[in-house]
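S.K.: Questions regarding the structure given below will be posed in turn.
The values are calculated or read from the model by the stated rules, or taken from the named source; none is laboratory data. None of these values were measured; they are calculated from a predicted model. Cβ atoms come from the backbone with ideal geometry, glycine included; neighbour counts cover every protein chain shown. These accessible areas exclude ligands, DNA and RNA; they are computed on the full protein's heavy atoms, side chains included. Shrake-Rupley method; radii C 1.70, N 1.55, O 1.52, S 1.80 Å.
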Amino acid sequence: MRIPIEIAQSIIEDIALVDQNNDSMDLSTLRACSLACKAFADLSRPHIFHKVTFSMYFLRNSRVLPQYFNLYDAIASSPELALYIRKIRIRNSLVLDQSTFPAMLCMLQNLTTLDLHLYEGCDWLRLSQSCRQAMFATLSSPGLQQLHLTKISNIPHAIARCIAAIPTVHISSIQFVDMVESEFDDLTYEHELPTIDSRGGLKCFSFVSMLMGSCQPIIDVISSPEYKLRKLVLSELEDDYHDGYGDYSEIAATVIRVCKDTLTDLEFLDTYCNLFEVALQILSSVPTENGVRKIYLNLFDILDLVPKYIDKSNGPTNWRFIDENILSSWEHLDALLTEPPFTRLEQVCFSFNNDSDYSASPPRFPSRDQMHSLLLSFLPKMSQRGLINIVMEDYIGE
């Protein structure tokens, strides 16, 4: 008996649903379905090849290259498979060193996300010329919508224009170099650089562990009037994390200043409840004339740094702040966000990571309602303006 194509498609799509807990799908079942018949193969392949990851940093190098060659052989024998690949993550620079990598990368015509998180680092100038050309072509592709670059040095300034034309960009520990003065300038970058109209320009920008000099080429580009940066995402804002702590605040302040007319959202991720100094410094730098309407704060260490039982014997009803210095930072935040320059502010969203077992007695974390009562009590000005919104997120360990 034949299965109607609509039912087969529904079966495959149900199997391919992403597990939100680990950002993955049931690939083993999808692969088995692809072997059942041609119809199931045609329906399964777009999901199987949708996202490709080459090695997390803890995998041995011996597992990286067979994984790469298996994919390359599959694409070389069936080029249509390359069209299914939308996202590619590369965690080991050994992949970039393969002589076949440039050809494979150029075959990914429908790529929307490029994630180069190279844990061991990579020098752009030490890559082969064909690899640099393929990378440049990919970064210039109008279809590329999201870019993650981590631990890459000596990137030519011209690439900053490619990066600034991509809607969503996250950079970490990268370094630009002026290729005009470099003896390694064996590529012509200017003739095919993407225009702002081709992709709409940088809308969401995130950076970690960057120095001002490294970010300056991108800042120079997005400061042009045609760029419309909407969201700035800042993460890991504890002052002992960043060697360039002052630079980090300076970069954020500079981006906010040059994009003040278009920037509407500020996100602070992985912020510790007792370390608001960096966030407060950045918020204090916001110019008087700005369009910021939403601020999002994702807070860590809620258990150890924010709430405690006054008396555990009384049950999970009485929570308090354990450190007056912490409370002082929150009072500063309350005053800062309810005065100019934040007259257009519409919402301040507090997101708390929660790994509590509510079946425990007493629970390890306060409930959303209890957190809401706490915030109303020590953020009275925000409360009066109706700015406070709370999101309790389940913590998923990596």
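S.K.: For the pairs 231/294; 151/231; 203/260; 203/294, flag any whose C-alpha to C-alpha distance is greater than 19 Å.
M.R.: 151/231
S.K.: Search the structure for amide H atoms under 5 Å from the amide H of residue 164, placed 1.01 Å from N in the peptide plane, and list their residues when 5 or more places away or on another chain.
M.R.: Sorted by chain and number, the residues that satisfy this come to none at all.
S.K.: With θ set to phi - 60° and the Karplus curve 6.51 cos²θ - 1.76 cosθ + 1.60, what are the ³J(HN,Hα) couplings of segment 330-339 in order, to the nearest whole Hz, using x for Gly and Pro?
M.R.: 5, 5, 5, 4, 4, 5, 5, 8, 10, 10
S.K.: How much of residue 31 can a 1.4 Å solvent probe reach, expressed as accessible area in Å² and rounded to 10?
M.R.: Accessible area of residue 31: about 130 Å².
S.K.: Here's a follow-up. With a 10 Å radius around each residue's Cβ, average the other Cβ atoms per peptide and rank 377-389, 248-260, highest first.
M.R.: Listed from highest to lowest mean packing, they are 248-260, 377-389.
S.K.: Pull up all non-local amide H partners of residue 291: gap of 5 or more, or a different chain, and H-to-H distance under 5 Å with H placed in the peptide plane.
M.R.: 263
S.K.: Using modelled backbone amide H atoms (1.01 Å from N, in-plane), which distant-in-sequence or interchain residues come within less than 5 Å of residue 210's amide H?
M.R.: HN-HN under 5 Å from residue 210: 173.
S.K.: Whole-Hz ³J(HN,Hα) for each residue in segment 248-255, computed from phi via Karplus 6.51 cos²θ - 1.76 cosθ + 1.60 with θ = phi - 60°, x for glycine and proline: what do you get?
M.R.: So the Karplus estimates, Gly and Pro as x, are 4, 5, 5, 4, 4, 5, 5, 4 Hz.
S.K.: From the phi of every residue in segment 131-136, what ³J(HN,Hα) in whole Hz does the Karplus formula 6.51 cos²θ - 1.76 cosθ + 1.60 yield, where θ is phi - 60° and glycine or proline is x?
M.R.: Those phi angles translate into 5, 5, 5, 5, 5, 4 Hz.
S.K.: Which lysines have a Cα less than 17 Å from the Cα of residue 51, not counting those fewer than 8 places away in the same chain?
M.R.: 87
S.K.: Where a ≥ b ≥ c are the square roots of the eigenvalues of the C-alpha gyration tensor, would you call segment 44-152 rounded, which needs a/c under 1.5, or, failing that, prolate if a/b is larger than b/c, or oblate?
M.R.: Since a/c stays below 1.5, the shape of segment 44-152 is classed as rounded.
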